[in-house]
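Report on the following structure.
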Amino acid sequence: MYLTEQHHYSLINANAALSLFEVGGFIGSLVAGWGSDKLFAGNRGPMNLLFAIGIFLSVAALWLMPMTHFIFQSAALFCIGFFVFGPQMLIGMAAAECSHKDSAGAATGFVGLFAYMGAALAGYPLAIILEHYQWNGFFITIALCAGVIGLLLLPFLLAQLPIKSQRHITHH
């Protein structure tokens, strides 16, 4: 809707640009898993924080982009998908890793249940914000949510470090 209403794209062009959101999501999921394993030794918190910052920056780029150009807006949608899908996958992985091996599927399903319930319930408030405050209100809300997510993730940065490393960090 944003691309057709604000930038006057045809439905075909808007859908073509939006399809890159899904492509970015696929690649973002792979990069998030690889990055959290290789760069942070399996600690999912720092990668989620980096991706929350990426969500904030890519949503701001789409919103504040001074020109209407298919390539740039498609790239912004790709980046938003990249940064949204990564943490979604990492949260499921963290649930499976933190549960007993016999209940990994149940833990992942439980997390997924609340994720889908949250997604379903988020549509109505966002529609009201869009109706009353137009697209600027929508983008401000999404940017604020990304910022709050980043702040809420800060306590988890050290959550998965080994006990010895945590003691070393807290005493120095």
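The values are calculated or read from the model by the stated rules, or taken from the named source; none is laboratory data. Small disclaimer: the values here were computed from a predicted structure and weren't measured. Note that each Cβ is placed from the backbone with ideal geometry, even for glycine, and that neighbours are counted across all protein chains shown. Only protein heavy atoms, including side chains, enter the accessible area calculation; ligands, DNA and RNA are left aside. Shrake-Rupley method; radii C 1.70, N 1.55, O 1.52, S 1.80 Å.
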FRET efficiency, His8 to Tyr133 (Cβ-Cβ, R0 22 Å, nearest 0.05): 0.55
Potential extension, His100-Lys38 segment - 0.36 nm per residue separation minus Cα distance: 20.0 nm
Three-way shape call for region 55-144 based on the alpha-carbon gyration tensor, with the a/c threshold at 1.5: oblate
Accessible surface of region 1-82 [probe 1.4 Å, protein heavy atoms]: carbon and sulfur percent: 75
Solvent-accessible area per residue, Å², over region 108-148 with all protein chains present [probe radius 1.4 Å]: 68
Between 0 and 90°, nearest 10: helix 11-38 axis offset from the chain longest Cα axis: 10
Options [x] 14.8, 43; [y] 16.7, 66; [z] 18.1, 59 - which one matches Rg and Dmax of the Cα atoms in Å as calculated here: [z]
The chain: angle of helix 104-153 to the longest principal axis, Cα-based, in degrees nearest 10: 40
Dipole moment magnitude, nearest 20 debye, the chain about Cα centre, only Lys, Arg, Asp, Glu C-beta charged: 560
With Cα atoms, 0 to 90° folded angle of helix 44-64 axis to the chain main axis: 10
Alpha-carbon radius of gyration plus Dmax, which is the widest Cα pair, for region 19-106 in Å: 14.8, 53
